[in-house]
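Read the structure below first, then the notes.
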Amino acid sequence: MAEPLLVNPDRQFIQDVLRNGAEDVKKCYQCATCTSACPLSTEEYGFPRKQMLLAQWGLKDQLLEDPSPWLCFYCGDCSKRCPRKANPGETMMALRRYLTSQYDWTGLSRLMYRSAFWELGILAVVAGVIVALFTLPHNFGFGLLDRSGPAALSTVMLDRFAPVGIVDWGDKILALLLGFLLLSNAARMFLKLTRGRNIPAHLYINEFHRLVVQGLTQKRWNACASNETVKNWLRHVFLVSGYATMFILVVLFLPWFQVENSSIHWTSFLGYYATAVLLATTAWILFDRIRKNTEMHRFSHFSDWLFPILLFLAAFTGILLHILRVLNQPMPTYVIYVVHLAIVVPMLVVEVPFGKWGHLLYRPLAIYVAAVRSKARELAAQTEGVAVASEAVASS
Amino acid sequence: MDKKLGAYICGGCSIAESIDVDALVQIARTEYKVPVCRTHPFLCGPEGLATIRGDLANHAVDALVLAACSPRAKTDAFVFDPSVVLERVNLREQVVWSHKQRDEDTQMLAEDALRMSLAKVGKVEPLEPAPGEISTTVLIVGGGLTGLTAAAEAAEAGYDAVLVEKEERLGGHLADVRRVPPVRAPFTAARSSDLPQRIERVTENPNVNVFTSTNIVRTQGQPGMFDVTLQTGDERSTHRVGAIVAATGWKPYDTAKLGYLGYGLSPNVVTNLEFEKIAAAERWTRPSDGKPLSRVLFIQCAGSRDPNHLPYCSTICCTEALKQVQYLHESCPETEVYVVYRDMVTPGLYERYYRTVQDHPAAFFVKGDVSQVRRDSTGDVRVTLDHTLFGETAELVVDLVVLATGMVPNSTDGQVLNLPQEASSAQAASQVAEAEKKNGTSGAHDATGILNLAYRQGLELPLLRDGFPDSNFVCFPYETLRTGIYAAGAARAPMDAASAEEDARGAVMKAIQCIEFARRGQAVHPRAGDMSYPSFFLQRCTQCKRCTVECPFGALDEDEKGTPKLNPNRCRRCGICMGACPERIISFKNYSVEIIASIIKAVEVPEEDEEKPRILLFMCENDAYPALDAAGLARLQYDPAVRVIPVRCLGSVNVVWIADALSRGIDGVMLLGCKHGDDYQCHFAKGSELATRRLENVKETLSRLQLEPERIEVGQVAMEDYTKLPAMIDGFMARIREIGPNPYKGF
Ligand code: SF4
Ligand code: SF4
Ligand code: SF4
Ligand code: SF4
């Protein structure tokens, strides 16, 4: 028999989870109404009841090895039914925030989740760096503009301000850096979820499709029975499509996307789509959060506000930039260009590896590992069954 | 004295449309020679009642047979002087509403019903209350919270109270606790028990006579006339009281049986009562070595809710644990407090208290079963938990374990003495001596006699389910199997302080009720107000002692030879003794072997070739008979071959009636009574069970007489079963038809 679990509450952990938004976790009295209500919970992953208890008792190690928080899509059915108003859905959310900060090896994430001050501070620093990049060097940004003569002041000539080649390079470096950070965090998550579990390698391959499919569609979400689910899922799909369009345009097609003068290019139409989607969905999300009318948006952690606000501002300054450029307003175009980047870059730097956007990788990864773990367990049970049976045969 | 009978037949409520009322009048006039016989379309109306009253006033009649609705209906209209013998024929519910209109069989049923009542009323005699000088003092046994409340309530209601407490001080367990759980909004913090004020309320009341350090050495007599002998030190005093409230409280479950939870393993494993002392002394350290407490574990249900220990939930230990957890939160907020429970039982608004305590950062709750408790060399206690909600076996290492030991009623103390034994008045002296020995001269109460009843059936309250004396907790709380003695508080059922207070009030109400009924010579529930009581034709008594043994309420004592001696106020008038007596010498003025025999005789039994079988239904008046009324009310139909005889209790059915019926050619007999068993649905506790047992013997006799034992059946019905009754009756009819006619027909 396995060693009993030595229960040793980690009080700091409890504090952290509470601070991450699980303020009501202590109200739970383990009736499991939530688990019965949850459309995604399974016998093997009986969330969110069990996570409530683990969080109450500060059993951090158990939670770090648990993919359940990522299997929840926050439909809020559990919180609606909870007789103690313990908000299990919000606890799952808080656990995701907490886990995100634990996967991050730089420690920045922890600081950010713990205080709004740190999160805003880091955003401000990165924004400052961007502004500095455009103001301090002689041969880039306003420095370059000064030197390239009056033509660029009377008509939009973006190459005289932010040469697309340089920006494109910066772009790619940034993408690589963020990709590296995100992947390394995901690798840490993967290790935590699989360590010490004797999972046969072929299972990882057999189940790999889940990672891809879930990553692209998050279609598991639709298993939620809630009325709002379809709406939320569609909204999320749109948001992701807008975001992905923009991402591809910027990272892969910048030379075509960053149009030199006031002309309209084919990329503009993709940009319109992305902008419209982003503006609409983020505004909608913010509206819901302000009205608190859906379970999912009843509680808003500071970071929940920041993300749609930033995204909205990014899209807004993006389209503003486009309009100013098309209207051939050189100076306003340049200024807004800097403002736009001073929003987009910090947003990406902070949110992708350290913040909320990590879930775009963590969620599919958790679904994948959960499936692998189930299969491994089934397999172990089978072999054990066979062993027991053959033993029985041998002894008879 | 011959009665002047008056028969009144109502035509209302569709009676006149359904049966031939004039034929009934003919039967009364010709067969029974009833001098006054009237019909009225609406007997319960003012005009109908005026007719009856007029006849009574003119002395034209002095005994009434009212053929109308069920005797359970219109009881506010048909009220007459108690000296008037009143008999009601149930034409409405059990004849016209439950059978075909204008049908030969229905008509025969109505006619028989009238005949049976007319036969009965001729034999019934008017009732007179049992005489006696009644004391209105209430004796309260036990000076804990329940006893204190009961004494104060009785005195404030105008009844003198005598309060007896075996300890030196009043207050019981309440005196040992620092605080009690909250009972008022916002239910967040434990409160003071207000014990001094509660004691004052009693001691300041001139109508309460308080005896501390006192035992009861003997309780003799009956409701209204109990003589209770108290012993305080060397002094003895006798008090006459009218009723008794047994508020003897509880004691914790025997710790010797808690080894499985580590009790005795280490000084660091204590009970909740011991922890209360630790808290009172503010000793927040480990008993073994004085190390400050950093982790404390509360183990719930220590011995409770366990088939090997106490089968029931002790009700208070979860809330008590919450209170004690709160002590720790207040005095050492850093100490981690773990609670392992089976279910947290926090009745009512204690739920809020649970929430409050649970919310503390140092409070940890989990469901699980303790499978092992070990002590390690450092003094830590290691507790292994199985079936936890963590989903795996878990281990906790703690400084102190507090066991939530449950409640055991103190009434069990008397259990050893409770075996039926001969306790005649001649033995009284030796009984006192015996009680004295057990109680010791010091006055200490060493877990033996409490009431020391001078009753033939034993010294203490009989214990029923789980060792509690409550005799019908479903319908009649506080009742015990000893009339006039009411159990209250934790002696009755596990309960918290707030409920014990309520309980005290309830039990005092019952005691007062009992005294008032005794004053009027009337029975207490379930035949509240009944003035009949059994009388014994002792010349023919063979001293077989069946009555004295089988009376569920210990109403009968015995003399040296074993002759029964009735204590009328203890008697509930169930008639079980009458059913038991093989000599048939026990009878009530309005209910006797002879009366029922004449009712049976009044049933017309058609000849075999008429193919009209007859079955007799003896129906308990408490549930079965009302259920049959309810079936009629719902217009449910059943076979018209039945003839119903209401009985006080199935236990009162004397087997001679069955013999009478069968020898008259009646084809089958069915007995319908309350459910028996642990839920005490039988209003007379043991009646229906006894009847079932007696019938087994009768069936054997039947086989010897070449009669099919299947002609007799016993059934159990609760009130809510009324919809099933017609099917039960028809089923029995079908079986009887299959067996065929009774061969004794026409003999
Ligand atoms: S979170 Fe709510 S619903 Fe779920 S187990 Fe706890 S109290 Fe019950
Ligand atoms: S929010 Fe929805 S998906 Fe998440 S645990 Fe609750 S019910 Fe399940
Ligand atoms: S009150 Fe609680 S601890 Fe006591 S027996 Fe009931 S469930 Fe168990
Ligand atoms: S009538 Fe009932 S209570 Fe009274 S003496 Fe007989 S058996 Fe006992």
Completion exercise
Looks like the stretch B:146-201, by Cα gyration tensor root eigenvalues a ≥ b ≥ c and the a/c under 1.5 rounded cutoff (else prolate when a/b is bigger than b/c, oblate otherwise), is oblate
Handout entry: Burial ranking of peptide ranges A:171-178, A:361-368 (average Cβ count within 10 Å, highest at the top)
Key = A:361-368, A:171-178
Exercise for the section: For a quick protection proxy, order the peptides B:31-37, B:517-523 by their average other-Cβ count within 10 Å, most packed first. Expected result: B:517-523, B:31-37
Completion exercise
quick shape note, chain A: Cα extents on principal axes in Å, largest first -> 97, 45, 37
Completion exercise
In this structure, among B:Lys74/B:Lys724; B:Lys561/B:Lys686; B:Lys123/B:Lys601; B:Lys510/B:Lys686; B:Lys277/B:Lys323, pairs with alpha-carbon gaps over 20 Å are B:Lys74/B:Lys724; B:Lys561/B:Lys686; B:Lys510/B:Lys686
Exercise for the section: Classify the stretch B:254-405 as rounded, prolate or oblate, taking a ≥ b ≥ c as the square roots of the eigenvalues of its Cα gyration tensor: rounded when a/c is under 1.5, otherwise prolate if a/b is larger than b/c and oblate if not. Expected result: rounded
Exercise for the section: Evaluate Rg over Rh across the stretch B:609-691, taking Cα atoms for both radii and Kirkwood's formula for Rh. Expected result: 1.02
Completion exercise
Output for chain B (equivalent-ellipsoid semi-axes, sqrt of 5λ from the C-alpha gyration tensor, Å, descending) is 57, 30, 24
Completion exercise
If B:Cys574, B:Cys475, B:Cys301 are placed from fewest to most neighbouring beta carbons inside 10 Å, the sequence is B:Cys475, B:Cys301, B:Cys574
Problem - 10 Å Cβ neighbours from other chains, averaged over peptide B:384-396 - result: 5
Fill in the blank from the handout: Gyration tensor on Cα atoms of the stretch B:451-532, a ≥ b ≥ c root eigenvalues, a/c under 1.5 rounded, else prolate if a/b beats b/c, else oblate, says oblate
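Using Cβ counts within 10 Å as a stand-in for footprinting exposure, how do B:Arg355, B:Arg482, B:Arg236 rank, fewest first? Show your work: numbers first, answer last.
Numbers: B:Arg355 19, B:Arg482 28, B:Arg236 14.
Listed from fewest to most nearby Cβ atoms, that is B:Arg236, B:Arg355, B:Arg482.
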Handout entry: Neighbouring partner chain Cβ atoms per residue of B:460-468, average, 10 Å criterion
Key = 0
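Quantify how strongly other chains surround peptide A:3-12 by giving the mean number of their Cβ atoms within 10 Å of each of its Cβ atoms.
6
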Problem - Histogram of C-alpha separations across the protein assembly as shown, 20 Å bin width, % - result: 10, 26, 24, 21, 13, 6, 1, 0
Exercise for the section: Determine, for B:Tyr455, B:Tyr260, the number of other Cβ atoms within 10 Å of each Cβ, and report the residues in order from fewest to most. Expected result: B:Tyr260, B:Tyr455
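Every read-out reported here was derived from the displayed coordinates using simple, explicitly stated rules and does not represent laboratory data. The model shown is predicted, which means the values in this text are computed figures rather than measured ones. All Cβ positions, even for glycine, are placed from backbone atoms using ideal geometry, and neighbour counts span all protein chains on display.
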